[in-house]
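The values are calculated or read from the model by the stated rules, or taken from the named source; none is laboratory data. This one's a predicted model, so the numbers in the text were calculated from it and none came from an experiment. Heads up, the Cβs are rebuilt from the backbone with ideal geometry, glycines too, and the neighbour counts pull from every protein chain shown. We work out accessible area using only protein heavy atoms, side chains counted, and drop any ligands, DNA or RNA first. Shrake-Rupley method; radii C 1.70, N 1.55, O 1.52, S 1.80 Å.
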Amino acid sequence: MTFFAGEIFVSEIHNKPVLSQTGEEIGKLHDILVNAGDPFPAVSALVVISGIKTYLFPWEEVSLFNRRVITVAPRLSELKPASISDTDILIVRDLLDKQIVDMNGAKLVRVNDLELGDVKGKLCLVAADIGFRGILRRLGLEKRGERIASLFKYTLPHKLLSWHYVQTIEPKVRHLALTVSRQKVSSLHPADLAALISEVSQRERSAIFGSLDVDTAAEALHELEPRVQVDIIDDMSKERASDILERMPPDEAADVLGDLPEEKAQELINLMEKEEAEDVQELLEHEEDTAGGLMTTEYLAFPPDMTVEEAIKELRLEAPDVETIYYLYIVDYEEKIIGVLSLKHLILATASTLLSDIMITPPKTLPLDAGRNDVAEFISKYNLLAAPVVDENMVLRGIVTVDDVLDFLLPTASRKKRRKL
């Protein structure tokens, strides 16, 4: 049985010493053989070079495999040189630095590094690193790049394309191809799609984004870096841009608009449907690092005299238009929050029960001007999935979800800067 640790990039182990179980150095890891598995090719053997000799170790003979130590079972005295077949698929020789193209042959991105990971107990090729971080890693400059980026309050993004979206590989391929055409690229996960769009040329970027339906475009747009968002919006018609922004949650749309020139942003807001435009405009009035800037205006609020049965019926009607539903908020006729109710408690209550009888009161709330660190501490302290945000009169103005908090607590390239209009 081979012990391997988590996810490993090929550049981290390429040319690393390979040891026998007695600690003798056999040679350097030169390449890795993989099977043409679908969708994730499994590692089948290691190619080790020592001087002019080449050794081939089947995966079953590998004892330990991680970034620091690679050991194999055979002793040094037992080794016999081997040769590589033309039908073998080698990760470094055949896949690294290859272009990934769409099914029409248009070049999209280059494979800068490759990621290995556990798939059902096997070490497999799981993703291609198509970003600048992959290049730095291969040069041994990844950590230095992170330090330099941090000085400018920037985080180097991880841009990984799942191997699930790459066609079955063959020996000595000239290039790699996506399993979907440019026209069907919308089937990619929004994060994978954003990684592709970020790396291609402006012309190809516009072509890919232009082929997406409005809903997919809305999901992908928020995953992109601000400079890419601006380029894409500049290349599309104002009408399509406003349609895409309407499909996004208000807080995400506000993030995008906050990175556009003020005149352009206001022009797009004016083209949006009145209700969506008002929600976005309200969010843009708050500082980005406050509860008001982090919140979304999509939430469910019901009156206290509504029954459980009525609330569930209403919930089914309104749920499709709400991004996330963790709690129901109980408000009075002035929209002041007076209680909160989890979905679990709603479902377990009898149909005729009034919401006022099962709501939790007084509700825990955040002021609009609460700083983002205070928001994080608040959600952590009370173990919440979402926190209601209120104005000075206790009127419910929005909610901050745990996802919004994670966006600024975790290093992420998708964190946006919002500017007030």
Exercise. Using beta carbons and a limit of 9 Å, which pairs, at least six apart or on different chains, have the first residue in segment 208-237 and within 12 Å of A191 (Cα to Cα) and the second one aromatic (F, W, Y)?
Worked result: A217/F209; A220/F209; L221/F209
Exercise. Does S237 qualify as being modelled with pLDDT of 85 or more, farther than 25 Å from V405 by Cα and open to solvent by less than 50 Å² (accessible area, probe 1.4 Å)?
Worked result: no
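To keep it simple, each residue is scored yes or no on (1) exposed (fewer than 15 other Cβ atoms within 10 Å of the Cβ); (2) in contact (Cβ under 8 Å) with a residue 12 or more places away in the chain; (3) among the aliphatic types (A, V, I, L, M); (4) farther than 28 Å from E287 by Cα.
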| site | (1), (2), (3), (4) |
| --- | --- |
| Y329 | no, yes, no, no |
| H345 | no, yes, no, yes |
| S352 | yes, yes, no, yes |
| P363 | no, yes, no, no |
| R372 | no, yes, no, no |
| S380 | yes, no, no, no |
Seminar exercise, completed: Note on segment 263-282: residues surrounded by fewer than 20 Cβ atoms within 10 Å (Cβ to Cβ) and more than 22 Å from L368 (Cβ to Cβ) are E263, K264, Q266, E267, N270, L271, E273, K274
For this session: Just need a number here: residues in segment 12-35 that are charged (D, E, K, R) and not in a strand (DSSP E or B).
Result: 3
Exercise. So A177 fits all but one of (1) small (G, A, S); (2) crowded, with 16+ Cβ neighbours inside 10 Å; (3) at pLDDT 85 or above; what number is the exception?
Worked result: (3)
For this session: Specify the residue that is most open to solvent (accessible area, probe 1.4 Å); the eligible residues are those in segment 143-170 that are closer than 21 Å to R67 by Cβ and touching a residue at least 12 places away in the same chain (Cβ under 8 Å).
Result: H158
For this session: Run down L90, L95, L151, L139 and say which single residue is out of contact with any helix residue (DSSP H, G or I) (no Cβ under 8 Å at 6 or more places or on another chain) and either within 30 Å of T22 (Cβ to Cβ) or among the β-branched types (V, I, T) (or both).
Result: L90
For this session: Would you check which residues across segment 85-103 are β-branched (V, I, T) and open to solvent by 50 Å² or more (accessible area, probe 1.4 Å) and list them?
Result: T87
Seminar exercise, completed: All-but-one check, L156 against (1) outside any helix (DSSP H, G or I); (2) at pLDDT 85 or above, failing number (2)
Exercise. Across segment 36-68, which residue is modelled with the lowest pLDDT among those that are assigned to a loop (DSSP other than H, G, I, E, B) and open to solvent by 50 Å² or more (accessible area, probe 1.4 Å)?
Worked result: D38
Exercise. Here is a list of conditions, (1) more than 24 Å from V48 (Cα to Cα); (2) modelled with pLDDT of 85 or more, and V92 meets all of them except one; can you say which number that is?
Worked result: (1)
Problem set entry | segment 308-318: number of residues that are closer than 23 Å to E276 by Cα and free of Cβ contacts under 8 Å to residues at least 12 places away in the same chain | 2
For this session: Scan segment 29-47 and give yes if some residue there is of a type outside the set (F, W, Y) and over 28 Å from H164 (Cα atoms), otherwise no.
Result: no
For this session: Would you please name the residue that is modelled with the highest pLDDT, looking only at residues in segment 15-35 that are open to solvent by 50 Å² or more (accessible area, probe 1.4 Å) and within 21 Å of D86 (Cα to Cα)?
Result: H30
